[in-house]
Amino acid sequence: MAKIQKLLKITGTAAVSSVSLLPCACSTGQNADDDGQKPLNIVYIMCDDHSYQTVSAYDGRFIDTPNIDRIATEGVRFTNSFVANSLSGPSRACLLTGKHSHKNGFTNNEHGIFDGSQQTVQQLLRDAGYTTAMVGKWHLVSEPTGFDYWDIVDGQGDYYNPVFISAGGRRVEQGYVTNITTDIALRWLDEGRDKSKPFCLFLHQKAPHRTWMPDLCDLELYDNVTYPLPDNFYDDYSGREAAGIQEMSIIKDMNVVYDLKMADKENEIHTPENPALESYGRGMYLQTGEFRPGRMTAEQQEVWDAYYGPIIEKFKKDNLSGDALSEWKYQRYMHDYCRVIHSIDRNVGKVYDYLKEHGLLENTIVIYTSDQGFFMGEHGYFDKRFMYEESFRTPLLVRAPDCMRNALRGKDIDGFVQNIDHAPTFLELAGADVPGDIQGESYLSLLKGKDRGWRKSLYYHYYEYPAEHSVRRHYGVRTNGWSLMHFYNDIDEWELFDLRHDPEEMHNIYGQKGTERITKKLRKELSRLQELYDDPIEETL
Ligand code: SGN
Ligand code: CA
């Protein structure tokens, strides 16, 4: 412990990084009035793979996130927030277009290239007089369009000393990605934007994406915490074929060297989890991704090794196997993941403080969400992709500005919202027309406490297969109490869950006696949604 603290002092890595913010010339801006009719500023903070289970506003079992929670306590918490396609690139394309994947063209990460010439919310906002910026993870392959300013990480981005790409070219930023991304965004708010216009800032953190690398100052955090194992960690997937044939199991697929950083100097730890990675020892580890030579500075590596070294030694000595090994993996995964979240929370606090200090909270809507949900060991999984609740849902907290929020402060909103809804919401906030081809709905009415006529069901469609993690293609419908999904391509399996009685989705009751009526109703609703969103699916394979 003392050694690590000392090393931290040497490297100068600190909890709060050191961007110097110039005094702000603007105060509340000129774009809000008391009844919220005029355009408001928008700060949209989206993380990558942040599960609602690890936002304490939703679930207090794992971690405390006071800064993120404050958005809910001073604003609202959406209790039914979902995505349309639980994967990064597709989710971002849904966000920016307000359309489902088959309409915006970006259905999967592996082959997608976003067509930036199509209609996007950022361009429409610009047309409506806003200045727009995009900072952080972009992941849409083509260059960003429609922003006055953009500064994005390269692909997935790196945790340490990340490469950023802007209109001016590529550069390496020294430090930890969550701090750097936040600082760039605040610098734009402070010095970069046209202060005569309302602004819309997309602040997209790369964290907490795999491989969950904490900031050096957070390495020891939660060391004494033991995380509760989910009830269904040892799921046997009976009756759920698609659930069983994936490759995202902590037990069988999570790699102790690659994912959990057990790269011993002697190169003795090899990983039996995944045959493709069988020889994934330190030698390989040090050549890839975050650990390839030159990514971390020598000082950073020294702090890192000082923390992981003893854990690696103990891991070797203990020589765990079976359930003990699986549960050890789960604990390490949760430790790293929660530490990464802690840094996000601290940086959300930095954004909040900036807005407050500069009088901007009064006329800015602040949104906190993730590009999708994430499994924290439920069904034995990490990753996302499935229409199962943990990955289909995503946190959504909204702090409306003072002029709108009095009636709603600290309340829950339970209407079904989806990531295609942000674009029309932002446009309505801006006082701009919402084009007819946008498929989402503005949730401004929900924020104002009105939910008459709001949607009662959601459509989902996931496409990325064959691909990493082997989650089969599927589409489905979710209503208040039911989830129906159809896995297709090289499989033909329907799954039906009674969410009121089986919230963990362990019992597929599709085809069982007594479910005929509800199945018929849901199949009809599914067809209605496929027609509504113009996503005709061949049911016969
Ligand atoms: C990477 C990860 C996967 C993850 C995808 C998609 N592997 O390929 O585990 O599912 O991204 O994630 S890694 O070894 O490269 O980390 S997404 O959030 O970007 O869609
Ligand atoms: Ca993601």
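For segment 251-269, check the following and say yes or no: at least one residue is away from ligand 2 (no atom under 16 Å from the Cβ) and under 21 Å from Arg61 (Cα atoms).
Among the residues of segment 251-269, not one is away from ligand 2 (no atom under 16 Å from the Cβ) and under 21 Å from Arg61 (Cα atoms), which makes the answer no.
The rows are residues; the columns are (1) part of a loop (DSSP other than H, G, I, E, B); (2) under 27 Å from Gln156 (Cβ atoms); (3) out of contact with any helix residue (DSSP H, G or I) (no Cβ under 8 Å at 6 or more places or on another chain).
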site	(1), (2), (3)
Ser196	yes, no, yes
Lys206	yes, yes, no
Tyr227	yes, yes, no
Tyr237	yes, no, no
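Does segment 439-448 contain any residue that is in a loop (DSSP other than H, G, I, E, B), exposed (fewer than 12 other Cβ atoms within 10 Å of the Cβ) and either more than 26 Å from the chain's Cα centre (by Cα) or modelled with pLDDT of 95 or more (or both)?
no
Kindly check whether there is at least one residue in segment 417-429 that is surrounded by fewer than 16 Cβ atoms within 10 Å (Cβ to Cβ) and at pLDDT 95 or above.
No, that holds for no residue.
Within the group Lys329, Lys317, which residue is modelled with pLDDT of 95 or more and away from ligand 1 (no atom under 16 Å from the Cβ)?
Exactly one of Lys329, Lys317 is modelled with pLDDT of 95 or more and away from ligand 1 (no atom under 16 Å from the Cβ), namely Lys317.
Only one of these conditions is not met by Arg523: (1) exposed (fewer than 14 other Cβ atoms within 10 Å of the Cβ); (2) in a helix (DSSP H, G or I). Which number is it?
(1)
I'd like to verify a number: residues in segment 366-389 that are within 18 Å of Asp259 (Cβ to Cβ) and within 14 Å of ligand 1 (Cβ to nearest atom), how many?
Result for segment 366-389: 7.
Does Phe386 fit the bill of being buried (at least 19 other Cβ atoms within 10 Å of the Cβ) and either among the hydroxyl-bearing types (Ser, Thr, Tyr) or in contact with a Phe, Trp or Tyr (Cβ under 6 Å, 6 or more places away or on another chain) (or both)?
So Phe386 fails the test.
Say whether the condition of being farther than 23 Å from Ser326 by Cβ, within 16 Å of ligand 1 (Cβ to nearest atom) and at pLDDT 95 or above is met by at least one residue in segment 207-227.
Yes: one or more hits.
Check whether at least one residue in segment 72-85 is touching a Lys or Arg at 6+ places or on another chain (Cβ under 6 Å), within 16 Å of ligand 2 (Cβ to nearest atom) and not small (Gly, Ala, Ser), and report yes or no.
yes
Go through segment 58-105 and tell me which helices (runs of 4 or more DSSP H), entirely inside it, have 3 or more residues that are within 16 Å of ligand 1 (Cβ to nearest atom) and in contact (Cβ under 8 Å) with a residue 40 or more places away in the chain.
88-97
Could you tell me whether any residue of segment 360-375 is closer than 30 Å to Gly476 by Cα and in a helix (DSSP H, G or I)?
no
Checking the condition farther than 30 Å from Glu504 by Cα and either more than 16 Å from ligand 2 (Cβ to nearest atom) or in contact with a helix residue (DSSP H, G or I) (Cβ under 8 Å, 6 or more places away or on another chain) (or both), which residue from Tyr337, Tyr308 passes?
Selected residue: Tyr308, the only one of Tyr337, Tyr308 that is farther than 30 Å from Glu504 by Cα and either more than 16 Å from ligand 2 (Cβ to nearest atom) or in contact with a helix residue (DSSP H, G or I) (Cβ under 8 Å, 6 or more places away or on another chain) (or both).
Filter segment 346-382 down to residues that are more than 16 Å from ligand 2 (Cβ to nearest atom), under 18 Å from Tyr58 (Cα atoms) and buried (at least 24 other Cβ atoms within 10 Å of the Cβ), then give me how many there are.
3
Exactly one condition in (1) surrounded by 24 or more Cβ atoms within 10 Å (Cβ to Cβ); (2) away from ligand 2 (no atom under 15 Å from the Cβ); (3) farther than 20 Å from Asp535 by Cα is not met by Ser142; state its number.
The number of the failed condition is (1).
Output the residue which, of all residues in segment 157-175 that are in contact (Cβ under 8 Å) with a residue 60 or more places away in the chain and part of a loop (DSSP other than H, G, I, E, B), is surrounded by the fewest Cβ atoms within 10 Å (Cβ to Cβ).
Gln174
In segment 384-432, what residues are in contact with an Asp or Glu (Cβ under 8 Å, 6 or more places away or on another chain), in a loop (DSSP other than H, G, I, E, B) and either within 16 Å of ligand 2 (Cβ to nearest atom) or of a type in the set (Val, Ile, Thr) (or both)?
Once the filter is applied, which keeps residues that are in contact with an Asp or Glu (Cβ under 8 Å, 6 or more places away or on another chain), in a loop (DSSP other than H, G, I, E, B) and either within 16 Å of ligand 2 (Cβ to nearest atom) or of a type in the set (Val, Ile, Thr) (or both), segment 384-432 yields Lys384, Arg385, Tyr388, Thr394.
The values are calculated or read from the model by the stated rules, or taken from the named source; none is laboratory data. Owing to the predicted nature of the structure, the values given are computational and were not obtained by experimental measurement. FYI the Cβ positions are ideal-geometry reconstructions off the backbone, even for glycines, and counts take in every protein chain you see.
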